[in-house]
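Just so you know, all these numbers are worked out from the coordinates, no wet-lab data involved. Just so it is clear, the structure is predicted and the values come from calculations on it, not from any experiment. Ideal geometry is used to build each Cβ from the backbone, glycine not excepted, and the neighbour counts take in all protein chains shown.
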């Protein structure tokens, strides 16, 4: 069992499963959770953190949630899922509502309601000195909140960073990014672009392509891993769980080729679940990478 820190959003997602893909001028029927747009635990930190927790690890989450009833709800759900939320700070303003429109192939559209105005700036995370008992064996920076760099520097193991990460000036060993988030020019040479931004400590850039697999680049070599066959029900959270699987394997000492396959298996398992954070994943779905292998 390892101790991980995940830095990123905690949220309440409201899924709507559609009878057909959305098309201009079309009509579809939506099925909600509980028949009334009930929420479920989501956000990048929850998605990755719950998967690591299901694998038997201890997981602390650093995040910022609104100081309202929605924030109280998401914190209660995170605690129920076994996450340590002592590093979560409360921000001004109200919680946002997020709809997930999920088509029959499991692909989803994320819709933030009434999100035209920017969120208030989150307060800084508690510093490592304020939690001297916590020295994580690996860190996943999903969202670079103020103070994230200090926690990444505190890590006794690998630091995996979701990229692009505007404003982040801390260490990173491995960058994970979706091909959909990268301009074509950067996609042609992702390692060079990320290393120029993040410095010489960076050793790998991993680009995910959904069902088409993932590629890892170190400036000289390219590795590829195809996901195992999966019946996609809901792709929400699969990218974050992929990153969690990568962190789990790298902390255990896996070489990148093995870590990439391990992460792909975790991501593929996630698309078969009707969830954001995989709170209802059956026991054994996320197997930890054997330490020392």
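Some values worked out for this structure:
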item: Angstrom value of the Kirkwood radius, inverse mean 1/r, which spans all Cα pairs in the stretch 7-158; result: 16.8
item: Cα-based shape type of the stretch 118-192, given that a ≥ b ≥ c are square roots of the gyration tensor eigenvalues and the cut on a/c is 1.5; result: oblate
item: For 191, 224, 242, 4, order by how many other beta-carbon atoms lie within 10 Å, fewest first; result: 224, 191, 4, 242
item: Computed Kirkwood radius, in angstrom, where 1/r is averaged over Cα pairs of the stretch 64-139; result: 15.0
item: Segment residue 197-residue 179, extension gain: residue separation times 0.36 nm, minus the distance between their alpha carbons; result: 4.7 nm
item: Rounded, prolate or oblate (a/c below 1.5 giving rounded, otherwise prolate when a/b exceeds b/c) for the stretch 203-293 by Cα gyration tensor; result: oblate
item: Order of 100, 75, 187 under a 10 Å beta carbon neighbour criterion, fewest first; result: 187, 75, 100
item: Whole-number percent relative contact order across the stretch 146-293, with pairs defined as alpha carbons under 8 Å at least 6 apart; result: 18
item: Shape category assigned to the stretch 236-283 from the gyration tensor of Cα positions, a/c cut at 1.5; result: prolate
item: Residue exposure sequence - 178, 276, 19 - by fewest surrounding Cβ within 10 Å; result: 19, 178, 276
item: Burial order of peptide ranges 78-90, 257-269, 23-35 (average beta-carbon count within 10 Å, highest first); result: 257-269, 78-90, 23-35
item: Computed Rg/Rh of the stretch 125-280, alpha carbon atoms with Kirkwood Rh; result: 0.96
